[in-house]
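Read the structure below first, then the notes.
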Amino acid sequence: MTRKLFGTDGVRGTANSFPMTAEMALKLGAAAGRHFRRDGSNGHRVVIGKDTRLSGYMIETALVAGLTSTGMNVLLLGPVPTPAVGYLTRSMRADLGIMISASHNAHQDNGIKFFGPDGFKLSDADEEAIEKITEGDITPAQPANIGRAKRIDDAGGRYVEYAKTTLMRGTQLNGLRIVLDCANGAAHRVAPQLLWELGADVIPIGTSPNGLNINLECGSTHPRTCAAKVLETGADLGITLDGDADRVILIDERGQIADGDQIMALFARRWAEAGRLQDGVLVATVMSNLGLENFLHGHGLRMERTAVGDRHVVERMRQGGWNLGGEQSGHIVMTDYATTGDGMIAALQFLSAMVETDRPASMLARSFEPVPQMLKNLRYAPGVDLLSKVEVQAAIEDAKSRLNGRGRLLIRKSGTEPLVRVMAECDDESLLNDVVNGIIAEMEAVA
């Protein structure tokens with residue numbers, strides 16, 4: 001089946017344009033309700049969370065109308081992180097969880113992510129089934145069976161209390177000064193509360209959402225904002241989340257940035273030493289730096305690579321029975337604690353390492369020296385297939401030939417934006433610049 005709605009992480013697009021319209025959100029809600037409703041049983045339940053985008057009101061209301069029309073009862077969580085939706089779907093015994101968010105994208109985009117009753121994102125089969133239902137007539141519930149909707153006022157508090165349980169009993173953050181950048185997004189309330197309750201001196205930024213400023217010059221995609229604040233305030237650590245708080249980038253006390261690869265390297269080593277790393281395996285994507293893979297091999301550990309997307313990471317982890325994985329972009333997946341990437345729980349694990357070792361962040365956040373890596377993005381117009389152009393294909397083949405034995409090249413279309421991403425790694429930075437810029441130049445010439 002050719003998928004028109006679902007991409008690599010749910011349904012995503014520009015608000016008020018297909019597929020992110022109120023009409024399509026209503027259809028998706030009704031289709032998901034019809035797919036997950038257990039006919040003949042009572043208590044069909046859906047939880048819905050969202051980030052702080054202005055369009056979230058429109059999409060939330062449309063989803064509620066579609067879901068209740070098929071007999072689903074809806075519990076509205078309000079602004080909460082994506083991992084909170086995964087957790088609450090399972091803990092509240094819901095049939096379905098939905099997060100309204102476009103993650104790290106700008107405010108004009110939005111998305112709909114679905115979680116199954118186990119708290120994990122839906123399988124391809126479930127997504128295809130829902131999409132197929134939207135293409136036909138959806139049978140509504142009988143009038144007496146229409147669902148109800150109500151708000152859950154303590155959803156954020158439930159997540160905060162759960163997040164605390166992921167730390168070793170008695171762990172406190174007293175004496176630690178932390179800059180926390182919430183990207184004006186979903187965690188703008190729960191994340192500062194969580195750190196403060198654990199005893200930290202919290203310096204919050206990116207906690208004044210207005211519907212239009214999510215991820216705007218702040219958060220994990222703009223970590224320099226947090227880094228500047230860390231240096232200004234003499235903080236021990238900077239934590240930067242994205243719009244839905246399922247990813248994190250850390251800043252040490254010197255203002256240096258630690259991406260997801262460095263965070264995973266620390267966790268993998270510590271977990272392996274404690275006998276916690278299942279089979280000595282870390283799952284990462286093709287975007288993770290070669291330096292991480294070399295680091296793992298040097299410690300007798302192994303990396304399993306997947307396609308880009310935390311969903312692919314989680315699927316591979318579940319297939320192999322492994323408990324640690326993630327992405328360079330900051331999705332850190334720890335299935336001992338969460339069903340998806342969780343920026344705050346990952347940050348807590350890093351803080352726990354600081355407390356246990358009594359070492360500054362700078363001694364923990366640089367486990368390996370990265371192989372020089374360059375990533376460039378090129379935006380393209382709808383309907384243009386840059387990678388099929390003869391000139392572009394020739395440039396790619398030339399780059400592969402020049403990198404042979406010295407590095408690697410990865411070119412892919414983004415699953416969430418109209419972008420082609422060109423990434424290369426090589427120990428020769430001059431060659432690295434040449435091959436990446438050469439491919440970008442050819443794509444720009446035919447775009």
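Per residue, the chain reaches -11500 deg cm²/dmol at 222 nm when only DSSP H runs of four or more residues are counted, each adding -39500 (n - 2.57).
Here the dipole of region 301-447 is about 300 debye; that uses its Cα centre as origin and unit charges on the Cβ of Lys and Arg (positive) and Asp and Glu (negative). Modelled this way, with points 7 Å down the Cα-to-C-beta line, the labels at ASP398 and ASP137 are 5.9 nm from one another.
With loop membership from DSSP and a limit of 16 other Cβ atoms within 10 Å, the longest segment of the chain without GluC sites (Glu not before Pro) is 218-447. Would region 253-350 count as rounded, prolate or oblate if I go by the C-alpha gyration tensor, calling it rounded below 1.5 in a/c and otherwise prolate when a/b exceeds b/c, oblate otherwise? Here region 253-350 falls in the rounded category.
From the alpha carbon centroid of region 67-83 to that of region 419-447 is 43 Å. Lysine pair count for the chain with Cα-Cα distance under 14 Å and sequence separation of 8 or more or different chains is 6. When the chymotrypsin sites (Phe, Trp or Tyr not before Pro) in region 59-154 are filtered for DSSP coil states and for at most 12 other beta-carbon atoms within 10 Å of their beta-carbon, no site remains. Accessible surface for ILE440 stands near 20 Å², nearest 10, in the context of the full protein assembly shown (1.4 Å probe). Placing dummy labels 7 Å off each Cα toward the beta-carbon, the span from ARG177 to ALA228 is 1.9 nm. Each Lys and Arg contributes +1 and each Asp and Glu -1, all at the Cβ; summed about the Cα centre of region 254-296, the dipole is approximately 180 debye. Out of all DSSP beta bridges in the chain, what portion is antiparallel? Express it as a percent rounded to 5. Of all bridge pairs located within the chain, approximately 55 percent are antiparallel. Projecting the Cα positions of HIS188, ASN289, ILE249 onto the charge dipole of the chain (unit charges on Cβ atoms of Lys, Arg, Asp and Glu, taken about the Cα centre) puts HIS188 furthest along the positive direction. Counting only DSSP beta bridges with both residues in region 30-118, what percent are antiparallel, rounded to the nearest 5? Percentage antiparallel, nearest 5: 25. Take the Cβ atoms of ALA274 and THR165, set R0 to 25 Å, and the FRET efficiency comes out at 0.90. Loop sites only, by DSSP: take the trypsin sites (Lys or Arg not before Pro) in the chain that have at most 14 other C-beta atoms within 10 Å and name the longest stretch containing none of them. Longest site-free region, per DSSP loop and neighbour criteria: 277-405. Only the Cβ atoms of Lys and Arg (+1) and of Asp and Glu (-1) were treated as charged; on that basis the dipole of the chain about its Cα centre amounts to roughly 1040 debye. Residues considered: ASP153, ASP246, ASP236. Largest GNM mean-square fluctuation over the chain, using C-alpha springs under 10 Å, is found at ASP153.
The values are calculated or read from the model by the stated rules, or taken from the named source; none is laboratory data. A quick note: this is a predicted structure, and the numbers were derived from the prediction, not measured. Note that we place each Cβ from the backbone using ideal geometry, even for glycine, and neighbour counts take in every protein chain shown. Keep in mind that these areas ignore ligands, DNA and RNA; they rest on the heavy atoms of the full protein, side chains included. Shrake-Rupley method; radii C 1.70, N 1.55, O 1.52, S 1.80 Å.
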